[in-house]
Amino acid sequence: MSLTGKQRRHLRGLAHALRPVVQVGKGGIDTGLVAAVERALADHELVKVRLGEGAGLDGHEAADTLARETKSEVAQVLGNTIMLYRADPDDPKIELPSRD
């Protein structure tokens, strides 16, 4: 499932007030970080991930890697902040605008 522009805008609006729940440090993206993002997505559906200065990663590449590893969608990459979305398969909390 890929998100439409309208859905991305909706998610960006919701994410504006969120604080980053996961921070990528010098260790980069490893299994522990992926597990932390998995837990955050399971709990919240929409999460902010902050790339630390020492991470040495490109935001778009890191977003693509995390989205692929967690089976989520990239809602936005803004500087060193990534927003990921994955609907809860059983009980989605966030209602997205229609795909029309």
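The values are calculated or read from the model by the stated rules, or taken from the named source; none is laboratory data. Nothing here was measured: the structure is a model prediction, and the numbers come from that model. Cβ: placed from backbone, ideal geometry, glycine included. Neighbour counts: every protein chain shown. Calculation scope for accessible area: heavy atoms of the full protein, side chains included, ligands and nucleic acids excluded. Shrake-Rupley method; radii C 1.70, N 1.55, O 1.52, S 1.80 Å.
The residue that is surrounded by the fewest Cβ atoms within 10 Å (Cβ to Cβ), counting only those in segment 1-28 that are over 13 Å from Ile82 (Cα atoms) and of a type in the set (A, V, I, L, M, F, W, C), is Ala17. Only a single criterion out of (1) part of a loop (DSSP other than H, G, I, E, B); (2) over 26 Å from Arg9 (Cβ atoms); (3) among the small types (Gly, Ala, Ser) is not satisfied by Ala35, namely (1). Listed by first and then second residue, the pairs linking a residue in segment 86-99 that is more than 19 Å from Gln76 (Cβ to Cβ) and open to solvent by 40 Å² or more (accessible area, probe 1.4 Å) to a residue that is aliphatic (A, V, I, L, M) and in a loop (DSSP other than H, G, I, E, B), with Cβ atoms under 6 Å apart and 6 or more places separating them unless they lie on different chains, form an empty list. Scan segment 38-85 for residues that are surrounded by 19 or more Cβ atoms within 10 Å (Cβ to Cβ), assigned to a loop (DSSP other than H, G, I, E, B) and of a type in the set (Gly, Ala, Ser) and the total you get is 1.
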